Amino acid sequence: MSAHNFSIEFFPPKTAEGTEKLRVTRAKLAELKPKYFSVTFGAGGTTQQGTLDTVVDIRREGYDAAPHLSCVGGTRDSIRDILQQYKAHDIRRLVALRGDLPSGYGAAGEFRYASELVEFIRAETGDWFHIEVAAYPEVHPQARSPQDDLQNFIRKMKAGANAAITQYFYNADAYFQFVELAQKAGIASPIVAGVMPITNHTQLVRFSEMCGAEVPRWIRLKLASYGDDTASIKAFGLDVVTQLCERLLAGGAPGLHFYSLNQAVATTAIWQRLV
Ligand code: FAD
C-alpha cells in the first residue's frame, strides 16, 4: 500500500477550537502514513489565511502539505503573492483549481480556468511546485459535454500539471473509463481517485448535488432506509466505500485521496481494511 499515492484532505478550521480538534485528528491520521495532507482554499478570500495557517501547522509537525489554490476571483498579483508565501514556507506541492465564486460575489478576476492558473504557476515558479489538478470522471457540472470536459482536462494537464485527483464518485466504471480515455489521449500522469467516506445520509446527498457526484439509487435507498440509525449508516458506508477502494486499487488506480471532512474515524477504518 505504501507504494500508492495516499493523501488526506482537510478544510481550514474557522475557530481556535476547530484548529485544536484538527490537530488531534491529524495526529491520528498521521499514523496511517499518508504521503501528504492537503488543505482546501475558499474562493473570494473566505479561507485563504486559514489555508496558509493550516499548511504551516502541518509542516511544523513534520508532514508534507499541499495547499489548494483556486484562481477564480484572483488577480495575477494576488496569486503571485500567495505563491511567494508558500515558497517562503518551503511548500513544494499545490492542488491548482479554478474554484467557484460564492453567490453574490461579483468580480471574476483575471483567470478563467484552472489551465490558466497552472500555466501561470509554471511561468512564475518553474518546477518548484508539484502541481495536482482536479478531474471529473462523472463530468464537471458546468461542462458542455463529457468530450469537451475531457479535452479541457487534457489541456490542463498539458499546461504543466504533474498529476490529478478526481472528484469523488461511487461508480468505479466512470473512473476507469475516464482514465482510459485520458491515457489514450497521451496523459501518462497519475490520476488519483478521490474518495468520500459515507457517514451521514443528508450531508452526502447535499454535497453530491452541489458537486455533480452521483450517489447510485441502491446506495441512496439503503441509506434512507436506515433513518436515524447512524451505526447502520456508518457500517454500510464503510462496506461500500472499502469495496470501491479495493476495486479501484485492483484495477490500477495509482492512489486514493480521502475527503476526510476533518474527521479521522471513517478514513482510518477504510484504510485499515485496505492494508
Ligand atoms: P476547470 O478545470 O477550470 O474547469 C471548470 C469548468 O470549465 C469545467 O466544466 C471545464 O470543462 C470547463 N473548461 C475548462 N477549460 C475550458 C476552456 N478553455 N473553455 C471552455 N470551458 C473550459 N474548490 C474550492 O473552491 N476550493 C478547493 O480547495 C477545492 N478543492 C478541490 C479539490 C479537488 C480534488 C476537486 C476535484 C475539486 C475541488 N474544488 C475546490 C472544486 C472545484 O473548484 C470546482 O469543481 C470548480 O467548479 C472547478 O474547478 P476546476 O479546477 O476543476 O476548473
Looking at Ile198, Ile154 in this structure, which one is part of a loop (DSSP other than H, G, I, E, B) and of a type in the set (A, V, I, L, M)?
Ile198
Could you list, in sequence order, all residues of the stretch 224-261 that are open to solvent by less than 60 Å² (accessible area, probe 1.4 Å), part of a helix (DSSP H, G or I) and of a type outside the set (Val, Ile, Thr)?
Ala224, Ser232, Ala235, Phe236, Gly237, Leu238, Leu244, Cys245, Leu248, Leu249
Name the helices (runs of 4 or more DSSP H) wholly within the stretch 1-103 that hold at least 1 residues that are in contact (Cβ under 8 Å) with a residue 40 or more places away in the chain, more than 14 Å from the chain's Cα centre (by Cα) and within 15 Å of the ligand (Cβ to nearest atom)?
48-60, 76-88
Could you figure out which of (1) within 8 Å of the ligand (Cβ to nearest atom); (2) closer than 16 Å to Ile79 by Cβ; (3) open to solvent by 40 Å² or more (accessible area, probe 1.4 Å); (4) out of contact with any Lys or Arg (no Cβ under 7 Å at 6 or more places or on another chain) isn't true of Ala123?
(1)
Of all residues making up the stretch 159-195, the number that are surrounded by fewer than 19 Cβ atoms within 10 Å (Cβ to Cβ) and either outside any helix (DSSP H, G or I) or without any contact (Cβ under 8 Å) to a residue 24 or more places away in the chain (or both)
11
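The values are calculated or read from the model by the stated rules, or taken from the named source; none is laboratory data. This structure is a prediction, so every number in the text was calculated from the model and none was measured. Neighbour counts are summed over all protein chains in view; Cβ atoms, including those assigned to glycine, are modelled from backbone coordinates with ideal geometry. When the accessible area is computed, the model is the full protein with side chains, heavy atoms only, and any ligands, DNA or RNA have been set aside. Shrake-Rupley method; radii C 1.70, N 1.55, O 1.52, S 1.80 Å.
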